[in-house]
Ligand SMILES: [Cu+2]
């Protein structure tokens, strides 16, 4: 089984979260990073290797989750909503029907295997400062959450 991010690993909602069902208010307890109009919430999370992080668009605006290709660990898989293999492809395809837009209630997941820091951004709101970081560490409890 994949581990959930530790931030959501406690509490009664954790077990239900494994089903991955989306919809209604029940989804509120079932994600690791939410989104406001122009921000990821929380901005920074720390997880153990092997953790699947789930982003959920908890706002009414369209967003993306797009990794900074040059800033993630060299050995790590690239990740972006829409499934793009490169940051350039994600940027080039923004606005198309397959452009990786996350509408209200849409989610995106990625499993982090390699230790390190993973800065990412939202394509339409990057200039507004909509950026975040996933820290993959053996000791997420002691890492700065920044929440
Ligand atoms: Cu955004």
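The values are calculated or read from the model by the stated rules, or taken from the named source; none is laboratory data. None of the values given here were measured: they were computed from a predicted structure. Cβ sites come from the backbone with ideal geometry, for glycine too, and all protein chains shown count toward neighbours.
State all residues of segment 62-71 that are under 15 Å from residue 109 (Cα atoms) and either more than 10 Å from the chain's Cα centre (by Cα) or part of a loop (DSSP other than H, G, I, E, B) (or both); if no residue qualifies, say none. Spell out how you get there, then give the answer.
Initial filter on segment 62-71 (under 15 Å from residue 109 (Cα atoms)): 63-67.
Residues satisfying the conditions are 63, 64, 65.
Does residue 126 count as modelled with pLDDT under 95 and surrounded by fewer than 18 Cβ atoms within 10 Å (Cβ to Cβ)?
no
Identify, from the list 105, 82, 62, the residue that is at positive phi and touching a residue at least 24 places away in the same chain (Cβ under 8 Å).
Values: 82 fails: touching a residue at least 24 places away in the same chain (Cβ under 8 Å); 62 fails: at positive phi.
From the options 105, 82, 62, the qualifying one is 105.
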Out of (1) away from the ligand (no atom under 16 Å from the Cβ); (2) under 15 Å from the mean Cα position of the chain (by Cα); (3) part of a loop (DSSP other than H, G, I, E, B), the odd one out for residue 97 is which? (2)
Checklist (1) away from the ligand (no atom under 11 Å from the Cβ); (2) within 23 Å of residue 37 (Cβ to Cβ) applied to residue 89, failing item: (2)
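Considering every residue within segment 136-143, establish whether at least one is within 23 Å of residue 37 (Cα to Cα), exposed (fewer than 15 other Cβ atoms within 10 Å of the Cβ) and touching a residue at least 12 places away in the same chain (Cβ under 8 Å).
Step one: of segment 136-143, the residues within 23 Å of residue 37 (Cα to Cα) are none.
No, segment 136-143 contains no residue that is within 23 Å of residue 37 (Cα to Cα), exposed (fewer than 15 other Cβ atoms within 10 Å of the Cβ) and touching a residue at least 12 places away in the same chain (Cβ under 8 Å).
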Any residue in segment 11-32 that is buried (at least 16 other Cβ atoms within 10 Å of the Cβ), modelled with pLDDT of 95 or more and not in a loop (DSSP other than H, G, I, E, B)? no
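Among residues belonging to segment 104-145 that are closer than 21 Å to residue 64 by Cβ and assigned to a loop (DSSP other than H, G, I, E, B), point out the one that is farthest from the ligand (Cβ to nearest atom). Explain how you work it out, then say what you get.
Pass one, segment 104-145, residues closer than 21 Å to residue 64 by Cβ: 104-112, 117-136.
This time we only want the ones that are assigned to a loop (DSSP other than H, G, I, E, B), so: 104-106, 122, 129-130.
Numbers: 104: 12, 105: 15, 106: 12, 122: 3, 129: 10, 130: 4 Å.
Top of the filtered list is 105.
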Segment 43-61, residues that are over 11 Å from the mean Cα position of the chain (by Cα) and surrounded by 20 or more Cβ atoms within 10 Å (Cβ to Cβ): 46, 47, 51
So residue 74 clears everything in (1) part of a loop (DSSP other than H, G, I, E, B); (2) over 13 Å from the mean Cα position of the chain (by Cα); (3) within 19 Å of residue 35 (Cα to Cα) except one condition, right? Which one? (3)
